[in-house]
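Data first, discussion second: the structure below is written as structure tokens.
The values are calculated or read from the model by the stated rules, or taken from the named source; none is laboratory data. Since this is a predicted model, take the numbers as computed values, not measurements. Glycine gets a Cβ as well: all are built from the backbone with ideal geometry, and neighbour counts include every protein chain shown.
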């Protein structure tokens, strides 16, 4: 993809990330975090658009594509990619920034924003659930619990053998391709297969699920309810835009219910797309971001 440099950057967190960088460093910084099972290419329609007047940074997160793949499930607990994000900002001389996240990148963005309000000025979430709302829905909403059973499958230590039995191209064709617009996905097939075929990539990507503390009860199960689900939860104090693809089959509309209780300065824009919103409906995403960025100033540090 033209219009940006893909740089290899060694971080203080002892990983090396490939990072797409575009735009003038003097412009306001926008940092983009992709999710599973993708890379910086999630944002291929946003990078050039926003590089016109922002400094755009979009890493391949640890475990993905050709970025470092440290051994062990413990290397993928959410605090690790949060630390990578801040280390990357430090390396590039970025102080405060606007953070944009999709899927797992959105989960890391929620966590980073809650923990580091002094660094993250504004938050943009694209089809990624708030941590409390998501965990609560897995206990209380049968539809979301059913839709999230894939997480249990991904945590299964035998899942790599299943992928091996199909081969990477077969896994793409028979499994992943069912979850996105096939016409938009087909031109990217070779890029996905190349990224997933990197040594250790499948295990590293799956380890994000294995390292997560999210509890996914089985359908019909009645597990003990953690007390924190019904207790106080810290608010996100930054202006926050949530862009939501309404045809997402993995993350259901329940993720938007009562979200404003935990995000006081919240704007929600619903768009016609499935889960992979940034490239399934890039025009709507870019328009929503443009309008919101123009009308929402960052909070003071």
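Residues in segment 60-106 that are part of a loop (DSSP other than H, G, I, E, B) and closer than 25 Å to residue 241 by Cβ: 9 in all. Go through the residues of segment 113-121 one by one and say whether even a single one is surrounded by fewer than 24 Cβ atoms within 10 Å (Cβ to Cβ), without any contact (Cβ under 8 Å) to a residue 60 or more places away in the chain, in contact with a strand residue (DSSP E or B) (Cβ under 8 Å, 6 or more places away or on another chain) and closer than 26 Å to residue 53 by Cβ. Checking segment 113-121: at least one residue is surrounded by fewer than 24 Cβ atoms within 10 Å (Cβ to Cβ), without any contact (Cβ under 8 Å) to a residue 60 or more places away in the chain, in contact with a strand residue (DSSP E or B) (Cβ under 8 Å, 6 or more places away or on another chain) and closer than 26 Å to residue 53 by Cβ.
Counting only strands (runs of 3 or more DSSP E) wholly contained in segment 1-59, the ones carrying 2 or more residues that are at pLDDT 95 or above and either over 15 Å from the mean Cα position of the chain (by Cα) or more than 23 Å from residue 277 (Cα to Cα) (or both) occupy 5-10, 16-22, 55-59. If you go through segment 22-53 and pick out every residue that is closer than 24 Å to residue 63 by Cβ and free of Cβ contacts under 8 Å to residues at least 60 places away in the same chain, you end up with 3.
Consider segment 186-225 and keep the residues that are without any contact (Cβ under 8 Å) to a residue 24 or more places away in the chain and surrounded by 12 or more Cβ atoms within 10 Å (Cβ to Cβ). The one that is nearest to residue 75 (Cα to Cα) is 194. In segment 276-287, the residues that are over 20 Å from residue 252 (Cα atoms) form Cβ pairs under 6 Å with partners that are surrounded by 17 or more Cβ atoms within 10 Å (Cβ to Cβ), at six or more places apart or across chains, as follows: 282/45; 286/49. Note on segment 288-297: residues that are surrounded by 14 or more Cβ atoms within 10 Å (Cβ to Cβ) and part of a helix (DSSP H, G or I) total 4.
Consider segment 107-147 and keep the residues that are part of a loop (DSSP other than H, G, I, E, B) and over 16 Å from the mean Cα position of the chain (by Cα). The one that is farthest from residue 85 (Cα to Cα) is 141. Among the residues of segment 122-151, the ones that are over 21 Å from residue 36 (Cα atoms) and either surrounded by fewer than 21 Cβ atoms within 10 Å (Cβ to Cβ) or in contact with a strand residue (DSSP E or B) (Cβ under 7 Å, 6 or more places away or on another chain) (or both) come to 6 in all. Test residue 95 against the criterion of being surrounded by fewer than 22 Cβ atoms within 10 Å (Cβ to Cβ), under 14 Å from residue 30 (Cβ atoms) and at pLDDT 95 or above, and give yes or no. When the stated conditions are applied, residue 95 passes them.
Filtering segment 251-280 to residues that are exposed (fewer than 15 other Cβ atoms within 10 Å of the Cβ) and part of a loop (DSSP other than H, G, I, E, B) leaves 257, 258, 264, 272.
Scanning segment 63-74 for residues that are crowded, with 20+ Cβ neighbours inside 10 Å and either out of contact with any strand residue (DSSP E or B) (no Cβ under 7 Å at 6 or more places or on another chain) or closer than 30 Å to residue 291 by Cα (or both) yields 63, 64, 69. Of the helices (runs of 4 or more DSSP H) that lie entirely inside segment 153-221, those containing 1 or more residues that are farther than 21 Å from residue 248 by Cα span 159-166, 168-174, 189-196, 201-211.
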